[in-house]
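Scroll down for the structure; my scribbles are underneath it.
Derivation of every value follows stated rules applied to the coordinates shown; laboratory data play no part. None of the values given here were measured: they were computed from a predicted structure. We place every Cβ from the backbone using ideal geometry, glycine too, and count neighbours over all the protein chains shown.
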């Protein structure tokens, strides 16, 4: 894991990590996090929270991803439109059949070249190819699959891709709270951190009894603590 140094910061590492966790885990603004910390007697401005998130969010997210188990080999791909500075962009997203966020890419186009770029990034990051890919009926996907030489089973049924469609909902909530993303780069940076934290704390609690859910939640907090306090 990447070492994280909190030197030259007046606030304790626990406070810094808690502020980063609040912003990445819940649909809050920096000012909301400032108020929550103030309720605990901590006089920290929202600008400080923003700087902490930008500085420590990336290394913590990297450590969290290193601790994730290998995802399923059934992948779902989808794209959603986001508006940045009045222009339409596309958030291309890949998840497995259990809801694990595999990768994403903010692009200005919705064509075969963009789909191919996502697939190359996804395969390079995972290091192996899936056995099944589920997409909507966008014709760019088959072209990209043939270009790369993927031999996985391809299912292009809109209703079969609900897993990817539902995975966009947390991003939509954050987009509204942030009053839209300010640039493709800032969207990419934020979602890189958000997806790692989301994967760590994503528990399908409707499938677990209370005892099992508490165990899984405690394990998620343990993973977060070890990733955020690596030194």
- prompt: Mind checking which of 40, 93, 189 has the largest fluctuation in a GNM of the chain, springs on alpha carbons under 10 Å?
  reply: 40
- line: Rounded to the nearest 10, the angle in degrees between the Cα long axis of helix 210-228 and the longest principal axis of the Cα atoms of the chain comes to 80
query: Among 202, 141, what is the fewest-to-most ranking by other Cβ atoms within 10 Å?
result: 202, 141
task: Of the listed values [x] 7, 30, 35, 17, 6, 3, 1, 0; [y] 7, 30, 34, 21, 7, 1; [z] 7, 31, 31, 18, 11, 3, 0, grab the one calculated as P(r) over Cα pairs in 10 Å bins from 0, in percent from the structure here.
output: [y]
query: What is the antiparallel percent of DSSP beta bridges lying wholly in the stretch 74-182, to the nearest 5?
result: 75
query: How much length, in nm to one decimal, is gained on full extension between residue 201 and residue 117, taken as 0.36 nm per residue of separation minus their Cα-Cα distance?
result: 27.4 nm
message: Under 37 °C and 0.692 mPa s, how fast does the stretch 74-182 diffuse according to Stokes-Einstein, given a Kirkwood radius computed over C-alpha pairs? Answer in µm²/s, whole number.
response: 232
message: For a quick check, take a GNM of the chain with Cα springs below 10 Å and name the residue from 210, 173, 31 with the largest mean-square fluctuation.
response: 210
message: Testing the spin-label approximation: label points 7 Å from Cα along Cα→Cβ at residue 27 and residue 182. State their distance in nm.
response: 2.2
query: Mind checking which of 42, 207, 77 has the largest fluctuation in a GNM of the chain, springs on alpha carbons under 10 Å?
result: 207
query: Cα centroids of the stretch 177-231 and the stretch 81-111: how far apart, whole angstrom?
result: 18
task: Would you mind ranking 225, 175 so that the residue whose beta carbon has the fewest other beta carbons within 10 Å leads the list?
output: 225, 175
- prompt: Order of 133, 178 from fewest to most other C-beta atoms within 10 Å?
  reply: 178, 133
query: Roughly what % of DSSP beta bridges within the chain run antiparallel, to the nearest 5?
result: 75
- line: Relative contact order as a percentage, the chain, C-alpha pairs under 8 Å and 6+ apart, gives 24
